[in-house]
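The values are calculated or read from the model by the stated rules, or taken from the named source; none is laboratory data. These numbers come from a predicted model, not from an experiment. Ideal geometry is used to build each Cβ from the backbone, glycine not excepted, and the neighbour counts take in all protein chains shown. These area figures cover heavy atoms from the full protein model, side chains too; ligands, DNA and RNA do not enter into them. Shrake-Rupley method; radii C 1.70, N 1.55, O 1.52, S 1.80 Å.
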Amino acid sequence: GTDDTATATPMRMAVLHVIGASLLLPAVAMQHVVEWHDLYDSGSESHEVHYTVGDSVMFRWKGSLGHNLMKVSKSAYTNCEDENGAMLNDGSSTGQIEQVVDFPKTGEFYFLCSVGSHCANNQKINITIDPDTTCNSAKMMYPSKDAAEARGSMCDPPVNGSHKMGSCWMPGDSHG
């Protein structure tokens with residue numbers, strides 16, 4: 001009857017909510033914006049940033065400013081050489097350019113603008129991608145197996161052994 005439907009719908013909603021929330025438990029990947037033209041400045045320090053594995057970077061500039069974006073080796077970065085680099089965006093558009101670069105792995109990555117003396121004027125950036133060592137603030141993520149299992153006994157539904165997600169631990173099979 002009508003009563004069954006009324007009780008079933010909120011339950012279904014609650015279940016979906018729990019599943020949806022648990023899918024977000026690993027640290028959320030961030031997209032960082034680099035205003036590419038702003039790095040063009042002969043007086044500036046070298047540009048170095050640290051982001052986390054899984055993050056992405058949007059290099060943004062107006063095409064009319066005449067820049068490009070190349071991924072290069074460390075020595076090419078240091079010496080502003082571009083012959084063996086990978087052209088990610090030749091800057092041929094005159095409108096707003098938004099070139100997204102994904103970082104699925106840890107490591108050091110080097111980018112420069114090979115137009116004229118732009119690299120020599122510090123239009124280059126060294127992006128270090130670090131492992132995901134910070135556990136998400138969600139209640140189900142813990143920095144160690146022991147911490148997860150200590151908390152796991154208080155979970156509902158009951159858990160069967162902890163497992164690792166990324167660099168973090170989750171009690172039991174709580175993410176479905």
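Elements of the type strands (runs of 3 or more DSSP E) sitting completely within region 37-80 and holding at least 1 residues that are free of Cβ contacts under 8 Å to residues at least 40 places away in the same chain, surrounded by 14 or more Cβ atoms within 10 Å (Cβ to Cβ) and among the β-branched types (Val, Ile, Thr): there are none. Would you mind stating whether residue 15 is open to solvent by 50 Å² or more (accessible area, probe 1.4 Å), modelled with pLDDT under 95, more than 22 Å from residue 126 (Cα to Cα) and assigned to a helix (DSSP H, G or I)? So residue 15 fits the description; yes.
Is it fair to say residue 7 is over 17 Å from residue 123 (Cβ atoms), among the hydroxyl-bearing types (Ser, Thr, Tyr), modelled with pLDDT under 90 and more than 24 Å from the chain's Cα centre (by Cα)? Yes: the conditions hold for residue 7. All conditions but one from (1) at pLDDT 90 or above; (2) farther than 16 Å from residue 117 by Cα apply to residue 76; the one that does not is (2). Of all residues in region 61-73, those that are over 17 Å from residue 116 (Cβ atoms) and either polar (S, T, N, Q) or in contact with a Pro (Cβ under 9 Å, 6 or more places away or on another chain) (or both) total 1.
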